[in-house]
Every structure is written in C-alpha cells, then in structure tokens.
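Structure record follows, encoded as structure tokens.
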Amino acid sequence: MRSICLILAVCFAFCTAPVRAADPQPKASSGEFIILTGGVSLWIWEKWKASPHDNWWMNFVRASRIRIEQIEQEVPGAQVTWLVYRPAYLTRSKQDSNDLIGHIESVRDAFKVKLVFFDRPSEVIDYLNNGQPRDRVKIADLEYFGHSNKACWMFDYSNNIDSASKAWLHQDDMSKIHRGIFSRDAFVKSWSCHTGESMSQVFRRDTGTAMIGATGKTQYMTDDLPIISTPGAKWVR
C-alpha cells in the first residue's frame, strides 16, 4: 500500500440545489446506524488555492448532523453511532482558536447519539467488526462524509500534508471488514467524491453489501446533504 494516498480530485463546498434522487430511504429500526465523519483541511495549505477546501470547519460535521436528524425522524429510537476523526478537528481547533471538539460533543448531546472519536483508520474497521456483538446487532446503515478519491476515504486530507493524506482507508482495506456484519437490507453510502468509480465495487465484492458512491465530485451543502457537482456524473452501486 502506498505510504501517502494522494488525491486525484476532491470535494468542494459550494451550495446549489439538491438532487432529490440521491436522498436515502428509511430503514428498519433494528440494527445500528453508523455515521462516519472525516476531518477538514487547514487554511495554511488551502489559502493559496483558487478553490480552497473546507473554509467552514463544519463542512462534514454539518452534513453528518443533518443525516443524524433524518435518521432519528425516519426511525424513532434508532441506535445511532457517530464516528469522528479527532486529530483533524484538534489541529483545526488550534487554527481557528475554537473548541471544535466541544461543538461536536454538543451535537452528540442534542441528538443523544453515541459519539466515538477515532485517531487511527484501523479503529474504524475494528468498530465495524467488534463495536457491537455483530451476531445480534447488525449494521443497518453506514454512511461516510469526508474527503476521498476513487480508492480512498481520506480522513486528514490537507490537514497534515498539503493536498495529501496520511490517514486513510484504502479500498484494499475493505477485505478486513467481516462478512455478515451488515443487515440484509443495509443502506451504505459514501457521500464523498469519486468512490463510485472503484471503491464501491470493491466494497461490494469484499463485504457482500452494496455501497452507493459518486462517479464524480460532490459538493457539501449548508442545509442539505451533499450533491453531485460533476456534469454527467451519478450515484452508482
């Protein structure tokens, strides 16, 4: 595996009209709903770019909060777990002189979800496999909000190294996810850029569960879920 997972194309954060066809569907109340949130970039790297990323620190947190609220409205009493990549928000907190961890915890308190901070990508795999007794508590929903390219979820894109990542889950890591941990009708979606071009297919092959991903770039919104921004691109499994 590469020592640094370089991005080929990453997500922008501008607002346009939502694409309703991409909206998720309500799921059964049994099982665990997992929202996975990657980290944001730092201005020290992004300020010189024509189209800088993550001007707003809540870029991915806001989208996650919107989806958590939707799940709780669609499935009253849903068991929601929120996995957040902590190191990126600690460094962004220093940049912004703002307690971002405290703000994230306030979302946890408002929606009464289980918040799990992770510091290493391997902890995500471990939680998926062992965070609950998977013979009894299957994963009914898994959704990712963050930076990515066609083969990687990049949790620290442009936060540790300019335009690159040192903390990621590569599609080669999908084979470490145990088969049988997802419910039969599980909803899995990567709301990030390009994952429908390769990672979705590998995820399905290795886990036996389909994952929706975009064939182009996605844009993160202020008051809605991310949409596809590349002309002609689409959501695929």
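Quick notes on this structure:
- Extension reserve of the N129-K114 stretch, reckoned as 0.36 nm per residue once the Cα distance is removed: 3.7 nm
- Checking every one of the trypsin sites (Lys or Arg not before Pro) in region 48-88 against DSSP loop status and a limit of 14 other Cβ atoms within 10 Å picks out K49.
- Translational diffusion of the chain, estimated by Stokes-Einstein from the Kirkwood radius over alpha carbon pairs at 20 °C in a medium of 1.002 mPa s, is 122 µm² per second.
- Amide H contacts under 5 Å for W168, placed H, 5+ residues apart: F155
- The convex hull drawn around the Cα atoms of region 42-148, when projected onto a plane and averaged over every direction, covers 7.7 nm².
- Region 79-237 - percent relative contact order, Cα under 8 Å, separation 6 or more: 17 percent
- Ratio Rg/Rh [Cα only; Rh per Kirkwood] for region 112-193: 0.98
- Within the accessible area of region 101-237, the carbon and sulfur atoms contribute 46%, probe 1.4 Å, all protein chains present.
- Phi angles of region 216-225 translate, via the Karplus equation with coefficients 6.51, -1.76, 1.60 and θ = phi - 60°, into HN-Hα couplings of x, 7, 10, 10, 8, 9, 8, 10, 8, 6 Hz per residue; Gly and Pro are given as x.
- Residues whose placed amide H lies under 5 Å from that of T218, excluding near-sequence neighbours: F12, C193, H194, S229
- Here the 3J(HN,Hα) profile of region 69-83, calculated from phi with Karplus coefficients 6.51, -1.76 and 1.60 at θ = phi - 60°, is 5, 4, 4, 5, 6, 6, 10, x, x, 4, 8, 9, 10, 10, 9 Hz, Gly and Pro shown as x.
- For region 147-237, the share of alpha carbon pairs falling in successive 10 Å distance bins from zero is 18, 44, 32, 6, 0 percent.
- Near E32, the amide H atoms lying under 5 Å from its own belong to K138, I139, A140, D141; only residues 5 or more places off or on other chains count, and H is placed 1.01 Å from N.
- Descending by average beta-carbon neighbour count within 10 Å, the peptides 93-103, 183-193 line up as 183-193, 93-103, the highest first.
- In the structure shown, the pairs K94/K138; K114/K176; K112/K234; K94/K176 are assessed against 30 Å; a Cα-Cα span above that value is assigned to K94/K138; K112/K234; K94/K176.
- Centre-to-centre, using Cα atoms only, region 38-94 and region 141-162 are separated by 11 Å.
- Partner aspartates and glutamates for K217 [C-alpha distance under 19 Å; skip if fewer than 8 residues away on the same chain]: D23, E46, D54, E143, D156, E197
- For region 153-237, the relative contact order is 22 percent, taking Cα pairs closer than 8 Å that sit 6 or more residues apart in sequence and dividing their mean separation by the residue count.
- Remark: region 199-209, residue by residue, has Karplus-estimated 3J(HN,Hα) of 4, 4, 5, 5, 4, 5, 4, 7, 10, x, 10 Hz, where x stands for each Gly or Pro and the curve is 6.51 cos²θ - 1.76 cosθ + 1.60 at θ = phi - 60°.
- Using the Cβ-Cβ distance between S51 and D206 with R0 = 45 Å, the FRET efficiency computed as 1/(1 + (r/R0)^6) comes to roughly 0.85.
The values are calculated or read from the model by the stated rules, or taken from the named source; none is laboratory data. No experiment lies behind these values; they were computed from the predicted model shown. No Cβ is skipped: glycine too gets one built from the backbone with ideal geometry, and neighbour counts run over all protein chains shown. Accessible surface is based on the protein model in full, side chains and every heavy atom, while ligands, DNA and RNA are left aside. Shrake-Rupley method; radii C 1.70, N 1.55, O 1.52, S 1.80 Å.
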